[in-house]
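Have a look at the structure below, then the notes.
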Amino acid sequence: MIKIRNLCKSFQRPGEARLKVLDEVNFTVDEGEFVAIVGPSGSGKTTLMNILGLLDRPDAGDYELHGKPVAKLSPEERAKVRNEGIGFVFQQFHLLPRTTATENVELPLLYSTRSDADIHKKAREALCRVGLEDRLTHYPSELSGGQQQRVAIARAIVNDPGAVLADEPTGNLDQNSGRQIMDLFRELNQSGSTILLITHDPAVAYMASRVVQIDNGQLTQAMARVAS
Amino acid sequence: MNGIRLIDSSFRNIVRFKLRSFFMSIGVAVGVATLIAGSSVGGGAARKISAQIDQMFGPGTILIGSAELKLPDLRAVAEQMDQVVAYAPRLMLSEKSVQFAGTNQQAAISGISANSDYVWNRSVIDGRFVSDRDVDRASRVALIGTKLKEALFADADAIGEEILIDAVPFEVVGILDPIGIDPHGDDRDMDVYVPISTAQRRLVNSDVIGNGKLVVSNVDMVDQDAEQVAEILRKRFKIAEGEPETFRIYTSKFAGKAAIKAKRMLGVYIMLAAVVVLLVAAVVISSIMLVVVQERIAEIGLRKAVGATRRSIAAQFLCESTIVSLIAGVAGIALGLAVASAIAHRYDIPLNLTPLAVTLAVLASVLVGIVSGIIPARQAANLDPVKALR
């Protein structure tokens, strides 16, 4: 599903030495896996996530997503891949304010060619899958943090992307809501979604079926466990 | 995003942020209102002025004004020129008090002759015009304008009643055609016409007439005829070659040209004012949209993350500024019409709203919307989603 080879990314800040954030990274995620990437802040995990999500481009290296090379796509083609092949979940939820839960979930579908009726139906289904069937017309400001993150997850899966990328999805939640979100990810994984999440929290990473450590721009296999 | 979704989401944003949309709209609304009000009032005013000039001049006429002009001068001109088919004097007096049964009005008094209805293009709607007999005998008869009639008599019949002009009694014999306010701003429906001989003897005691009008047979020759009139008058007034003339001559051709020029100038000024306001409006919308882009960085980043292309982000902001501007334009048309009809009502001008002005207003507001949206849309489209989502 996700296959990267010799991926490099560095940043140049004026007056500073060139910083190698990712250095010859090789990494594979198979279909149906639930992988957690852990690492301290500044270790390059968000940069890796942005590249995997086609929000950012690598300086060098190959990237194959769903069996297709995507490293050299044009911005328009990358937007299409993001729309159809990837779902994002962010730490700050990034829901549109003054916009209902359903409308937030519909957002990715607005950039597709689906009919309005189809869009409404898919958004409702996605919200049901995350357990928010009774919050369809609520605004983000009327929802708890955990519920807002569920809306964001519904948005990530609404277009059946195959891969869900989550960047610190529990970072803004209390322990209890965080657990529920992780349980939801596991449910989604069990029903077929490939999930890749980054976190600095070992307890969160423990819920994944495989954990990968990133440090100083290098990936190391930390541990493998089978989901219970 | 397809067109309908774009328009739908633009409308939602416009409604969601009402105050902001309002401030974005003001400039365009005022600019379009200027255009609409200016062109409908201006067009109406120009039409009215043309009508008044037609009324004053008519085709193929020559107007003479001079402080020396007396009736024999006018007669001499008419007798020496075969092409003059009719002529009539007009003595204009300063405003005088006109009284009836204790009601007192100030009114402009004119001395006229029996053929003035034809030559000066103004007749009566009720009663009779001044006759040759009235002029020969210097009868104390008067024609009054419709507004003066109303001011003095209200609904009662005025014909046959006796009014006092400067304490001299006159019998009202006719009511003049209503022609409204002239280009000088004088209400011609407050006029009083009396036989010229009566005016000269009873009201001013002078044989000067001041104004005369000639009707010539060939409309196209009116400028050449005017030269000949000037020649005759120079001789009669004994003005040597090179000395300044003590009379002024206007022709219907000259007046028509002046009216066209005035109309053009008015049009240019209105356009200029509207363009300036719309330019300012574009700057206002543009700067507010730039702030909106800054405010919505996270939203733009998110939209890009879920699959919005640069083009669809740009289209969203362009669509929003264009719709705001278009709505403002429509409001501006309504506002302009309201202002125009208020002015038109107040100054008794016909309203002249052309389809061209409305089309122009709509096009201008769409153009302002698009132009002012370009820079913000480009900025939004170029946002790096990684930075935008941070």
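The values are calculated or read from the model by the stated rules, or taken from the named source; none is laboratory data. The structure presented is a predicted model; accordingly, all values stated were derived computationally and were not measured. All Cβ positions, even for glycine, are placed from backbone atoms using ideal geometry, and neighbour counts span all protein chains on display.
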With criteria (1) within 30 Å of B:GLN80 (Cβ to Cβ); (2) not in a helix (DSSP H, G or I), B:ARG201 comes up short on (2)
From the option list A:LEU184, A:LEU197, A:LEU188, single residue qualifying as aliphatic (A, V, I, L, M), more than 19 Å from A:LYS122 (Cα to Cα) and either touching a residue at least 40 places away in the same chain (Cβ under 8 Å) or touching a Phe, Trp or Tyr at 6+ places or on another chain (Cβ under 7 Å) (or both) is A:LEU197
Exception for B:GLY307 within (1) free of Cβ contacts under 8 Å to residues at least 40 places away in the same chain; (2) small (Gly, Ala, Ser); (3) closer than 30 Å to A:PHE90 by Cα; (4) out of contact with any Pro (no Cβ under 8 Å at 6 or more places or on another chain) falls at (4)
Within region B:108-137, restricting to residues that are within 17 Å of B:PHE57 (Cα to Cα) and β-branched (Val, Ile, Thr), the one that is surrounded by the fewest Cβ atoms within 10 Å (Cβ to Cβ) is B:VAL119
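Looking at region A:6-17, is at least one residue under 29 Å from A:ALA203 (Cβ atoms) and assigned to a strand (DSSP E or B)?
Within region A:6-17, the subset under 29 Å from A:ALA203 (Cβ atoms) is A:7, A:9.
Still in the running and assigned to a strand (DSSP E or B): A:7, A:9.
So far as region A:6-17 goes, yes, one or more of its residues are under 29 Å from A:ALA203 (Cβ atoms) and assigned to a strand (DSSP E or B).
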By residue number, the members of region A:59-90 that are within 25 Å of A:LEU184 (Cβ to Cβ) and either within 14 Å of chain B (Cβ to nearest Cβ) or assigned to a strand (DSSP E or B) (or both) are A:LEU65, A:VAL81, A:ARG82, A:ASN83, A:GLU84, A:GLY85, A:ILE86, A:GLY87, A:PHE88, A:VAL89, A:PHE90
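The rows are residues; the columns are (1) crowded, with 18+ Cβ neighbours inside 10 Å; (2) within 19 Å of A:HIS94 (Cβ to Cβ).
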residue	(1), (2)
A:CYS128	no, no
A:PRO140	yes, yes
A:ALA163	yes, yes
A:GLN190	no, no
A:SER193	yes, no
Of the residues that make up region B:294-309, is at least one surrounded by fewer than 24 Cβ atoms within 10 Å (Cβ to Cβ), touching a Ser or Thr at 6+ places or on another chain (Cβ under 7 Å) and assigned by TED's automatic domain parsing to the domain that holds B:ASN382? no
Of those in region B:307-339 that are touching a helix residue (DSSP H, G or I) at 6+ places or on another chain (Cβ under 6 Å) and among the hydroxyl-bearing types (Ser, Thr, Tyr), the residue nearest to the other protein chains (Cβ to nearest Cβ) is B:THR309
By residue number, the members of region A:104-124 that are more than 13 Å from chain B (Cβ to nearest Cβ) and touching a residue at least 12 places away in the same chain (Cβ under 8 Å) are A:LYS122, A:ARG124
Note: among A:THR102, A:THR28, A:THR46, just one is under 28 Å from B:ARG311 (Cβ atoms), modelled with pLDDT of 90 or more and of a type in the set (Val, Ile, Thr), namely A:THR102
Within region B:225-246, does at least one residue satisfy the condition of being at pLDDT 90 or above, surrounded by 17 or more Cβ atoms within 10 Å (Cβ to Cβ), under 40 Å from the mean Cα position of the chain (by Cα) and under 30 Å from A:ASP56 (Cβ atoms)?
no
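Here's the yes/no breakdown for (1) among the β-branched types (Val, Ile, Thr); (2) at pLDDT below 90:
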residue	(1), (2)
B:ILE53	yes, yes
B:PHE57	no, yes
B:GLY65	no, no
B:ASP73	no, no
B:GLU79	no, no
B:VAL85	yes, no
B:PRO89	no, no
B:SER97	no, no
